[in-house]
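Take a look at the structure set out below.
Just so you know, all these numbers are worked out from the coordinates, no wet-lab data involved. Note that the structure is a prediction, hence the values are computed from the model and not measured. A quick note on method: Cβ atoms are made from the backbone with ideal geometry, for glycine too, and the neighbour counts reach across all protein chains shown.
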Amino acid sequence: MEKILVTPILALNQLGTESAFEVLARANMLMKQGQEIINLGIGQPDFRTPHHIVEAAIKALRDGHHGYTAANGLQELREAVSEDIKTYRGVTIDPDLVMIVPGGKVTMYFAIMMFGEKGSEILYPNPGFPIYESLIRFFGATPIPMPLYENTGYAFDADEVLSLITKKSRLLILNSPSNPTGGIVPKKQIDKLINGLSSFPNLCILSDEIYSRMLYDGKKHISLLQYEHLHDRLIILDGWSKTFSMTGWRLGYGIWPKNLIDHANRLAINCHSCVNTASQFAGIAALKGSQIPVSKMMGEFEKRRKLIVRELNQIPGLKCPNPGGAFYVFPNIKDTGFTSAEFQDMCLTQAGVATIAGTSFGHLGEGYMRFSYANSTQNIVKAIEKIKNLLKSL
Ligand SMILES: Cc1ncc(COP(=O)(O)O)c(C=O)c1O
């Protein structure tokens, strides 16, 4: 019989992946084989979705809300997002510019698709969320890494970023607080960057603000929405996954410029139609209901952050800066003499601790590791003790 070989488009070979999912799969496999694994690799809060949010979804289903909604989401949800933005960012946004999507990633996908044609350049943080670079390559654009520096709390240098912009640059991706570093870009650098951007009026900006409610030491989030003159070329990515511990609900939103919202809407119609309706009702309850669970979760993360930074700094060869946000730390491991990949492998297979190599977030992540502290204090202490003992024994 003739063997038929189906070949998909070549660009698929450019698609990268998110190592957190791969490490999770390996960790699960080892656990199935009976090994004890402590997971400090995972990028999702280890808290349950607050009760009132779960109840709102159940009620929506019981009330018969099981059909499609408008592609851009329920009006009441988009209005709630707009109110939330007024409360936490102090900016008025037309609910018609809000697009509800199945998770934060979808806004990223649409934005990079809109500007990622062949021949164009897209600037993105490196180390940064791996899907930025993956999608830039997939759509045929050239990825231009924007380095983040350990000695400034993993901020970019605005002068350097401006120097990387060329006539081909179409999109600039920012992410603060950041995954994987937990770093926050100081206002001074953002102001400088935004001032400089006035020389590049055709450059669109995607500000990934998914960790906007996860800041420590009383720091206030600086949203790019606060720079109102940017609104006609600014896309905001945010969602419920991290703030409300709702990663599996697949609920996110984008705020789009007026001239792009219709494109985003048609992409949604062509792609997913709408977000599942019960999740959208849950999203309304999350934004309008009690915010105490969010404060409690952040209180717990704050304690763990202090603990993990202190413990990691006691391991010879590791230097761990104190991050300003999210729930990750990004220690420098260069003095141990191991590469990031070797360190990740050793931690998982010999110490039973899942962590993620800095290189999973771009080549500039070599010599660093990402630890997530979305795990109990007991497990954090135990995991670091295991890594300490492993390094001592080598
Ligand atoms: C920086 C950043 N942006 C976007 C996302 C995607 O979020 P979601 O799970 O809502 O798609 C993540 C998830 O880890 C992230 O870290």
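When only the Cβ of Lys, Arg, Asp and Glu is charged (+1, +1, -1, -1), the dipole of region 184-326 relative to its Cα centre reaches about 440 debye.
If the chain between I4 and E22 were fully stretched, how many nm would it gain, using 0.36 nm times the residue separation less the Cα-Cα distance?
Gain on stretching I4 to E22: 3.4 nm.
Using a simple spin-label model with pseudo-atoms 7 Å out from Cα toward Cβ, I58 and F200 lie 5.0 nm apart. Between S393 and S295, the C-beta separation translates, for a Förster distance of 35 Å, into a calculated FRET efficiency of about 0.25. Residue separation of K382 and K168 scaled by 0.36 nm, minus their Cα-Cα distance, works out to 72.1 nm of gained length.
Put a dot 7 Å past the Cα of K306, heading toward its Cβ, do the same for N259, and the two dots end up 5.0 nm apart. Evaluating kT/(6 pi eta Rh) at 20 °C and 1.002 mPa s, with the Kirkwood radius of region 328-393 over Cα pairs in the Stokes-Einstein relation, gives 180 µm² s⁻¹. Dipole of the chain computed with +1 at Lys/Arg Cβ and -1 at Asp/Glu Cβ about the Cα centre; of F156, L197, G116, farthest Cα towards the positive end is F156.
Just check region 21-79 against the gyration tensor rule for me: Cα atoms, a ≥ b ≥ c as the square roots of the eigenvalues, rounded for a/c under 1.5, and otherwise prolate or oblate depending on whether a/b exceeds b/c.
Prolate shape, in that a/c is at least 1.5 and a/b is the bigger ratio.
The charge dipole of the chain, taken about its Cα centre with unit charges on the Cβ atoms of Lys, Arg (+1), Asp and Glu (-1) only, comes to about 580 debye. For region 132-170, backbone nitrogen atoms closer than 13 Å to the point 7 Å from S120 Cα along Cα-to-C-beta are found at 136-143, 168-170.
Once you have a ≥ b ≥ c as the square roots of the Cα gyration tensor eigenvalues for region 94-250, tell me rounded if a/c is under 1.5, and otherwise prolate or oblate according to whether a/b is larger than b/c.
Since a/c stays below 1.5, the shape of region 94-250 is classed as rounded.
Counting DSSP beta bridges with both partners in the chain, what percentage is antiparallel, nearest 5?
Here the antiparallel bridges make up roughly 45 percent for the chain.
Which of the three applies to region 218-288, rounded, prolate or oblate, going by the alpha-carbon gyration tensor with a ≥ b ≥ c and a/c under 1.5 meaning rounded?
Oblate shape, in that a/c is at least 1.5 and b/c is the bigger or equal ratio.
Taking other residues whose beta carbon is less than 15 angstrom from the beta carbon of F139, and scoring Lys, Arg as +1 and Asp, Glu as -1, yields +2.
The gain in end-to-end length when the M113 to K192 segment is fully stretched comes to 25.7 nm, 0.36 nm per residue minus the alpha carbon separation. Each of N13 and Q75 was given a label point 7 Å from its Cα along the Cα-to-Cβ line. The distance between the two points is 5.1 nm.
Remark on N179: its backbone amide H falls under 5 Å from those of F129, a criterion applied only to residues 5 or more positions apart or on other chains, H modelled at 1.01 Å from N.
Note on region 199-293: antiparallel DSSP beta bridges, both residues inside, total approximately 50 percent of the bridges counted.
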